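Below is one structure; the comments refer to it alone.
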Amino acid sequence: MIDKVTMTEQIIAAKLEKGLTWEKIGKDLGMSPVWLTSACLGMNSAPAEKAEAITEYLGLGTEVCTALKAYPTKIWDQAVPTDPLVYRLYEVVGVYGETLKEVIQEKFGDGIMSAIDFSMEVDKIEDPKGDRVLLTLNGKFLPYKSW
């Protein structure tokens, strides 16, 4: 049995070897490219039918399929990342996190946005001044309960 790290390495190697993009794989398999990428990077488990479709599409074996289906342990490095794109997302949360919390709680009440009942889209908006990245985070609101 292989772990999620080895699974990810094999998936990325197959993707590169075949000259594929996450967008193409997602479109061909009828899956969200964002969810597909997250599962292939080991941060989500894939239902059996999706794991089988991904591994068949990429020509990978049953060990990768089994690893895709395994429940992940969602641990990430707690240090601020140095990759510029990931760092900028940390910066957005650092600068606007409290603002988002205030606005969300003012509109919904005391609670959180689910990252379980959640979807995300990444879109490109062409602009003559420089193309724009549009991130859409869509999570169910979960109110805190009192008892």
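The values are calculated or read from the model by the stated rules, or taken from the named source; none is laboratory data. Nothing here was measured: the structure is a model prediction, and the numbers come from that model. As a convention, Cβ positions derive from the backbone with ideal geometry for all residues, glycine included, and neighbour counts pool all protein chains shown.
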Considering only residues of the stretch 44-82 that are hydrophobic (A, V, I, L, M, F, W, C) and surrounded by fewer than 15 Cβ atoms within 10 Å (Cβ to Cβ), which is farthest from THR136 (Cα to Cα)? ALA48
Failed item, numbered, when THR136 is tested on (1) surrounded by 12 or more Cβ atoms within 10 Å (Cβ to Cβ); (2) without any contact (Cβ under 8 Å) to a residue 60 or more places away in the chain; (3) β-branched (Val, Ile, Thr): (1)
Picking from GLU98, GLU17, the residue that is loosely packed, with under 13 Cβ neighbours inside 10 Å, over 19 Å from VAL133 (Cα atoms), of a type in the set (D, E, K, R) and at pLDDT 95 or above would be GLU17
Evaluate the stretch 43-64: report whether one residue or more is closer than 30 Å to ASP3 by Cβ, outside any strand (DSSP E or B), at pLDDT 90 or above and touching a Ser or Thr at 6+ places or on another chain (Cβ under 6 Å). yes
Scan the stretch 67-88 and report the pairs whose first residue is in contact (Cβ under 8 Å) with a residue 24 or more places away in the chain and whose second residue is assigned to a loop (DSSP other than H, G, I, E, B) and of a type in the set (S, T, N, Q), with Cβ atoms within less than 7 Å and a gap of 6+ or a chain change. LYS69/SER45; ALA70/SER45; TYR71/SER45; PRO72/ASN44; PRO72/SER45
Given the structure, is GLY130 out of contact with any helix residue (DSSP H, G or I) (no Cβ under 8 Å at 6 or more places or on another chain) and on the phi > 0 side of the Ramachandran plot? yes
Go through the stretch 65-88 and give me each residue that's of a type in the set (Gly, Ala, Ser), closer than 19 Å to GLY42 by Cα and assigned to a loop (DSSP other than H, G, I, E, B). ALA70
If we keep only residues of the stretch 102-133 that are touching a residue at least 12 places away in the same chain (Cβ under 8 Å) and in a helix (DSSP H, G or I), then the residue farthest from LYS27 (Cα to Cα) is PHE108
Do we find a residue being over 23 Å from GLU17 (Cα atoms) and part of a strand (DSSP E or B) anywhere in the stretch 89-101? no
If you scan the stretch 45-66, which residues turn out to be touching a residue at least 24 places away in the same chain (Cβ under 8 Å) and among the charged types (D, E, K, R)? GLU63
